[in-house]
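> I have a structure I would like to understand better, so I am pasting it below and will then ask my questions one at a time.
The values are calculated or read from the model by the stated rules, or taken from the named source; none is laboratory data. These numbers were taken from a predicted model, which means no experiment stands behind them. Please note that ligands, DNA and RNA were not included when accessible areas were found on the heavy atoms of the full protein model with its side chains. Shrake-Rupley method; radii C 1.70, N 1.55, O 1.52, S 1.80 Å.
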Amino acid sequence: MKQRPYRISTSSLQVIAETLKESSISTPCIYRYLLKEFNGTPYKWGGSSLTGSDCSGSVCAALSYATGHFIRVTADDLYANLFTKPLTYNFGTKTPISAAFFLDSAEKAVHVAGLCGISANGVWQFMNVSSSERSKKGTFRTTDELMLMYPHLKMELRALREDYEYGHI
């Protein structure tokens, strides 16, 4: 897995994550909360901060600050190495750290959107940071909306490996 350069600095995401951890909030809940912070963030290829991010940057930043394992990789690296568990709609009461991956015809993940919540009526919401968004900013999207945006790609829902989430790597 080839890492992109990642600058560790005190950011608002780090402050939020530390505050939530002090309140004994679970790692998956912190991940989802941090993803929501990317709503309205401008799309910037290679970015991974609230001032500018791409799809994998938002997922990597939320994952990094939630778990304490700092990483900056591509959507395909996330898919192949970290989000390796197929996600079904029957995961019980605890929603794992999850994402929607979009695969091309060669089965390479070319886009990712992090799962940031499930509404009371069961609609899954994802944070989509993409140049395909009309606003070119991070936007909340449902599964159906994502499939309409990327009809030429195959969508796969995946959960994070448990050994990564809980630091047993």
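> Counting DSSP beta bridges in the chain, what percent are antiparallel, to the nearest 5?
95
> Which of TYR65, TYR150, TYR31 moves most in a GNM of the chain, Cα contacts under 10 Å?
TYR150
> I've got another one for you. Among (i) 31, 20, 13; (ii) 21, 18, 17; (iii) 66, 25, 12, which one is semi-axes √(5λ) of the Cα gyration tensor in Å computed from these coordinates?
(ii)
> Grab the DSSP H runs of the chain that are 4 residues or longer, score each as -39,500 (n - 2.57), total them, divide by all residues and round the 222 nm result to the nearest 500 deg cm²/dmol. Before the final figure, lay out the partial values.
Numbers: 5 runs with 45 residues, N = 169.
About -7500 deg cm²/dmol.
> How many Lys pairs in the stretch 79-161 lie less than 18 angstrom apart by Cα atoms, where the lysines are 8 or more positions apart or on different chains?
Numbers: LYS85/LYS94; LYS85/LYS108; LYS85/LYS154; LYS108/LYS154.
Here the count comes out as 4.
> Follow-up. Ignoring ligands, DNA and RNA, what percent of the accessible area of the chain is carbon or sulfur (1.4 Å)?
Its accessible area is 52 percent carbon and sulfur atoms.
> For the chain, set up a GNM with springs between Cα atoms under 10 Å and report which of VAL123, VAL110, VAL73 has the largest fluctuation.
VAL123
> Leaving out ligands and nucleic acids, note down the accessible area per residue over the stretch 14-169 with a 1.4 angstrom probe, in whole Å².
Numbers: 7350 Å² over 156 residues.
For the stretch 14-169, the solvent-accessible area averages 47 Å² per residue.
> Three principal axis extents, largest first, for the C-alpha atoms of the stretch 14-66, in Å?
The principal-axis extents, from largest down, are 33, 15, 14 Å.
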